[in-house]
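A.B. asks: Encoded as structure tokens, here's the structure I'll be asking about.
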Amino acid sequence: MCSHYQAIKNAALLEKRFLAKAPADMGGYDLRPTVHGLFLRRSRTSTAGIQEIEAAVGRWGLISARGRPFDLKLATFNARAEDIAVKRTFRDAWHARQFCVIPAEAIFEPDWRQKYQIATRFTRADGHPLAIAGIWDRGINETGEQVDSYTMITINADDHPLFKHYHRREDEKRMVVMLADNAWQRWLGATVDEAKSMLLPIAADQLIATPMPVGNATNLSLF
């Protein structure tokens, strides 16, 4: 799972790498669940054969269009690939092919291989931004306003060479789906069956894991 990441805040980089014009407000940078961040989706004005990409800002933590008030208390910032198609919160957006990409500089996961957690920052080895697979929806927030929202999709990582070492020993290991440069555009326009086939782990050698200094504010926070 991922409950902390750093978003792209460079408008020129967003346009160069993800072919999308940055909105005036790009949302937060150091994000936790329920904070508003930037995500990419197919433009609603896209025409057949032409996939226009829109950069939008929404709540990190998906609110279903058919959500109920108590749903806002649920942890919906991650969606498990194994049941995304049937879970009430996520299934409508999944079957409607409301796929999105979350551009990120880095994600964080906790390392519990010692007596205390050490936050670890994951970045791409080549220095390029991450393209995290997700879905988005439009629902009613805590103040009764209609807002866009999104979630990151996670897969099992018990056997992943890198991510199997993170989170508590007794917990199932999870990782977000990070799409390759030649895959993120396909994800936005994928069919449901195509999307299922793209929920794959990233190779460990494509990432750099950097432990944060002990005492850093990141290490004092909850994951």
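The values are calculated or read from the model by the stated rules, or taken from the named source; none is laboratory data. In this text the structure is predicted, and so the values were computed from the model without any measurement. Because the Cβ atoms are built from the backbone with ideal geometry, glycine has one as well, and the counts that use them run over all protein chains shown. Just the protein is used for accessible areas: all its heavy atoms, side chains included, with ligands, DNA and RNA removed. Shrake-Rupley method; radii C 1.70, N 1.55, O 1.52, S 1.80 Å.
A.B. asks: What does the charge dipole of the chain about its Cα centre add up to, to the nearest 20 debye, if the Cβ of each Lys and Arg holds +1 and the Cβ of each Asp and Glu holds -1?
C.D. replies: 240 debye
A.B. asks: A further question follows. Classify the range 128-186 from the C-alpha gyration tensor, please: rounded if a/c falls under 1.5, else prolate or oblate depending on whether a/b exceeds b/c.
C.D. replies: oblate
A.B. asks: Same structure again: Percent antiparallel among DSSP beta bridges with both residues in the chain, to the nearest 5?
C.D. replies: Values: 42 of 48 bridges.
In the chain, DSSP labels about 90 percent of beta bridges as antiparallel.
A.B. asks: Next question, about the same structure. So how far apart, in nm, are the two label points at E145 and K87 if each is 7 Å from Cα heading toward Cβ?
C.D. replies: Inter-label distance under the simple model: 2.6 nm.
A.B. asks: State, to one decimal in nm, how far the label point of D205 lies from the label point of Q51, with both points 7 Å from Cα in the Cβ direction.
C.D. replies: 2.8 nm
A.B. asks: Name the shape class, rounded, prolate or oblate, that the alpha-carbon gyration tensor gives for the range 6-116, where a ≥ b ≥ c are the square roots of its eigenvalues, rounded holds for a/c under 1.5, and otherwise prolate holds if a/b is larger than b/c and oblate otherwise.
C.D. replies: In terms of gyration-tensor shape, oblate.
A.B. asks: Follow-up question, since we're still on this one. In whole percent, and with a 1.4 Å probe on the protein chains, what portion of the accessible area of the chain is carbon and sulfur?
C.D. replies: Percent of accessible area from carbon and sulfur atoms in the chain: 53.
A.B. asks: Taking only protein heavy atoms and a 1.4 Å probe, what accessible area per residue, in Å², does the range 49-111 have with all protein chains in place?
C.D. replies: With all protein chains present, the range 49-111 gives 44 Å² per residue.
A.B. asks: Label the range 104-223 by shape, choosing from rounded, prolate and oblate, from the square roots a ≥ b ≥ c of the eigenvalues of the Cα gyration tensor; if a/c is under 1.5 it is rounded, and otherwise prolate applies when a/b is larger than b/c, oblate when it is not.
C.D. replies: Here the range 104-223 falls in the oblate category.
A.B. asks: Next up: Calculate the tail of P(r) for the range 77-151: the fraction of all Cα-Cα distances greater than 15 Å, expressed in %.
C.D. replies: Numbers: 1851 of 2775 pairs.
That fraction is 67 percent.
A.B. asks: OK, next. Which whole-number percent gives the relative contact order of the chain, counting Cα pairs below 8 Å spaced six or more residues apart? It would help to have the intermediate numbers written out before the result.
C.D. replies: Numbers: 493 pairs, mean separation 48.0, N = 223.
Across the chain, relative contact order equals 22 percent.
A.B. asks: Can I ask one more? Can you tell me the dipole magnitude for the range 9-91 around its Cα centre, using point charges on the Cβ only (Lys, Arg +1; Asp, Glu -1), in Debye to the nearest 20? Provide the component values of the computation, followed by the final result.
C.D. replies: Numbers: 16 positive and 8 negative charges, 52 e Å.
That gives the range 9-91 a dipole magnitude of about 260 debye.
A.B. asks: I need the chymotrypsin sites (Phe, Trp or Tyr not before Pro) found in the range 1-100, filtered to DSSP loop residues with at most 15 other beta carbons within 10 Å of theirs.
C.D. replies: In loop regions of the range 1-100 (DSSP not H, G, I, E or B), the sparsely surrounded chymotrypsin sites (Phe, Trp or Tyr not before Pro) are Y29.
A.B. asks: Of K115/K173; K173/K196; K87/K173; K9/K164, which ones are farther than 22 Å apart at the Cα?
C.D. replies: K9/K164
A.B. asks: Right, another one. Within the range 120-218, which GluC sites (Glu not before Pro) sit in a loop by DSSP and count at most 15 neighbouring Cβ atoms inside 10 Å?
C.D. replies: Numbers: sites: E142, E145, E170, E172, E194; in loops: E142, E145, E170, E172.
Those that pass, being in a loop and sparsely packed, are E142, E145, E170, E172.
A.B. asks: What distance in nm separates the two pseudo spin-label positions at L72 and R169, each 7 Å out from Cα along the beta-carbon direction?
C.D. replies: Those two pseudo-labels are separated by 4.1 nm.
A.B. asks: Compactness ratio of the chain: Cα Rg over 2.2 N^0.38 Å, N = residue count?
C.D. replies: 0.97
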